[in-house]
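The values are calculated or read from the model by the stated rules, or taken from the named source; none is laboratory data. Nothing here was measured: the structure is a model prediction, and the numbers come from that model. Cβ: placed from backbone, ideal geometry, glycine included. Neighbour counts: every protein chain shown. Calculation scope for accessible area: heavy atoms of the full protein, side chains included, ligands and nucleic acids excluded. Shrake-Rupley method; radii C 1.70, N 1.55, O 1.52, S 1.80 Å.
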Amino acid sequence: MGIYLNGKKAFGVFQEDVAFTYYVDKTDILDELVPILELKNSRTRQEKTGRGKGLKYICITRPRRFGKTMIANMIASYLGKGVDSSGEFDRLKASGYEWYKKHLNQHNVIRITFNELPNEITTFEQYISRIKRLLMDDLLMEYQNVRIREDDSIWDALTKIYEYCDGEKFVFILDEWDFIYHQKFASQEDKDAFTKFLSTLLKDQPYVEMAYMTGILPISKYSSGSELNMFFEFSMATMEKYSEYFGFTDEEVDALYQRYIKLEEDPKVSRNDLRLWYNGYQTKSGRRLYNPRSVVGALEYNQIGSYWTNSGPYDEIYYYVKNDTANMREDIALMMSGTPVPANVQEYASVSMELKTKDEIFSAMVVYGFLSYADGCVSIPNKELMDKFAEMVRKRPDFGYIYRLAVESGKMLTATRKGDTDTMVELLERVHNTESPLTRYSDESELSKVITFVYLQAREYYDIRLEDRSGTGYVDYIFYPYKKEDDGIIIELKVDDTVDSAIRQIKDRKYALNFDGKLGEEPKCTGRILAVGIAYDRKDETKRHECKVEVLREPRY
């Protein structure tokens, strides 16, 4: 046992994780990994089952806060020889598999967390020397009968163990492997040296039983050649395998919420709150995922809100938006208004201040968890992140027209609630004439684009749905208030028609019924319900808009 080799630390942290009130059992992932470890004689296995060993180099890339480290600690705790972990695993899903006892604490595990630093670090040499020294100390202590010299390289020492100890192998579990690439003390030469270190340690080495590695950004960004091409990489956007183990699924959040309702005497978080605030990430297979850290925070503290923690990448995103790199400000505004933006994230990855194209910038935002990617488009996944974007924009006059849109949209929401149609018309025309690239609408979809801009700030207070099925038709916009006592708003758009026609359609098709919810559900709005008609005549050379607001229902307090 040692610091890195079959250590106790991963199990100690895993024990704490399992003890959490809102722990989610993800040990099913072991059933995906055990085939990699099964039967050293793969030919015998193939003859019996038709299936050989699994591929042993795995890299999981996910945003922060999606449980990568928790899963890594769990895997090390199950496989590692250093500690008897049966007391924990006997109560978890893994214990139900036929392979459970066979592999429990039966493997040599080298567990390295690369974001741990030596004291008062100033150079890369201090960083990498600490890792090499600690691992060599472990090997010297455990394999005293093997002629390992202190000046041996790590791979030479491991090769000696493999040769002199009957082919003894090791499972490598490497967390935050790309940490060094973000550190100011590491030069490009240092980063290249680290990539080479990993390659020499792991690639084509017979002592590697499995290498399981986690990080944030894709390997391809750091390894331009063949150094790390032995790894198969599994990201949220591009690979379906392993996707359900990082983030919470709807079913898992349902179970956590039922636990919360039983435990909390005065529950203040609704199931719908969790969906609006923390859902919205999507895997390659189309499965929706929740931010696990935020869900647990909301349930543990009985309070909905933002549990997002800012880090270096947040400042990077601000840099690109502020400088309008790749002319992306309009796309940011569209996403803040709820409109997905086309992007290609599959072929790109980025590190600090090296982004040039719009796709690279959006790819970085997906990788860091700021955006979600699905069906060829990026979008802001949920209210937690929407609030972060709004906060960033609202505080930055140097964001140009996005900042002005945010300010004007706050006025638009206030005017709508007051029924101040003169102000509404003024704001619509100002945004249309000065901020929108459209000088004349050709249809309602183009009018809709300006509406998404002019109600930008309303996203902070409403779950805004476009083309939502309502009553006996599809409403253009329906604003469900986050606080049920606030006004509910229905907006119908008309081009070459009148606002009276828009209001009449809202009434005739009974769009307001959506605020009552389905049979047996609580109403989605107990405040007023406002019908808003917005019209535009293409033949009008003055490009004048018309607005009308009518109260369909008074508050139900």
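Would you say Leu140 is part of a helix (DSSP H, G or I) and aliphatic (A, V, I, L, M)? Show your work before the answer.
Details: part of a helix (DSSP H, G or I): yes; aliphatic (A, V, I, L, M): yes.
It is true that Leu140 is part of a helix (DSSP H, G or I) and aliphatic (A, V, I, L, M).
Search segment 4-39 for residues being within 13 Å of Lys81 (Cα to Cα) and of a type outside the set (Phe, Trp, Tyr), and hand back the single one that is surrounded by the most Cβ atoms within 10 Å (Cβ to Cβ). If you could, list the steps in order and put the result at the bottom.
Here is the first cut: in segment 4-39, the residues within 13 Å of Lys81 (Cα to Cα) are 4-11.
Checking which are of a type outside the set (Phe, Trp, Tyr) leaves us with 5-10.
On the way: Leu5: 23, Asn6: 24, Gly7: 21, Lys8: 14, Lys9: 16, Ala10: 27.
Selected residue: Ala10.
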Query - Within segment 70-116, considering residues that are basic (Lys, Arg) and farther than 28 Å from Tyr181 by Cα, the one most open to solvent (accessible area, probe 1.4 Å) - result: Arg91
Query - Positions within segment 492-537 being surrounded by fewer than 21 Cβ atoms within 10 Å (Cβ to Cβ) and among the acidic types (Asp, Glu), in sequence order - result: Asp496, Asp497, Asp500, Asp508, Asp516, Glu521, Glu522, Asp537
Report task. Within segment 164-187, track down each residue that is closer than 13 Å to Leu117 by Cα, open to solvent by less than 30 Å² (accessible area, probe 1.4 Å) and not in a loop (DSSP other than H, G, I, E, B). Result -> Ile180
Query raised in the report: Which helices (runs of 4 or more DSSP H) sit wholly inside segment 287-384 and have at least 2 residues that are at pLDDT 90 or above?
Result: 292-301
Requested in this report: Any chance you could count how many residues in segment 119-129 are open to solvent by less than 50 Å² (accessible area, probe 1.4 Å) and farther than 21 Å from Ile173 by Cβ?
Outcome: 3
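Under the condition of being touching a residue at least 12 places away in the same chain (Cβ under 8 Å) and open to solvent by less than 60 Å² (accessible area, probe 1.4 Å), which residue from segment 538-550 is farthest from Lys484 (Cα to Cα)?
Start the filter on segment 538-550 by keeping residues that are touching a residue at least 12 places away in the same chain (Cβ under 8 Å), which leaves 538-539, 543-550.
Okay, now just the ones that are also open to solvent by less than 60 Å² (accessible area, probe 1.4 Å), so 543, 545, 547, 549-550.
Details: Lys543: 36, His545: 30, Cys547: 25, Val549: 20, Glu550: 19 Å.
For segment 538-550, the residue satisfying everything is Lys543.
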Report task. Would you mention how many residues in segment 256-271 are in contact (Cβ under 8 Å) with a residue 60 or more places away in the chain and open to solvent by less than 60 Å² (accessible area, probe 1.4 Å)? Result -> 2
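If you check Lys132 against the conditions, is it open to solvent by 50 Å² or more (accessible area, probe 1.4 Å), touching a strand residue (DSSP E or B) at 6+ places or on another chain (Cβ under 7 Å), closer than 23 Å to Leu228 by Cβ and of a type in the set (Lys, Arg)? Give the steps one after another, and end with the answer.
Working: open to solvent by 50 Å² or more (accessible area, probe 1.4 Å): yes; touching a strand residue (DSSP E or B) at 6+ places or on another chain (Cβ under 7 Å): no; closer than 23 Å to Leu228 by Cβ: yes; of a type in the set (Lys, Arg): yes.
No: the conditions fail for Lys132.
Among the residues of segment 212-238 satisfying the criterion of being open to solvent by 30 Å² or more (accessible area, probe 1.4 Å) and within 18 Å of the chain's Cα centre (by Cα), which is modelled with the highest pLDDT?
Step one: filter segment 212-238 for residues open to solvent by 30 Å² or more (accessible area, probe 1.4 Å), giving 220-221, 224-227, 229, 232-233, 238.
Next, only the ones that are within 18 Å of the chain's Cα centre (by Cα) stay: 233, 238.
On the way: Glu233: 85, Thr238: 71.
If we take residues in segment 212-238 being open to solvent by 30 Å² or more (accessible area, probe 1.4 Å) and within 18 Å of the chain's Cα centre (by Cα), then Glu233 is modelled with the highest pLDDT.
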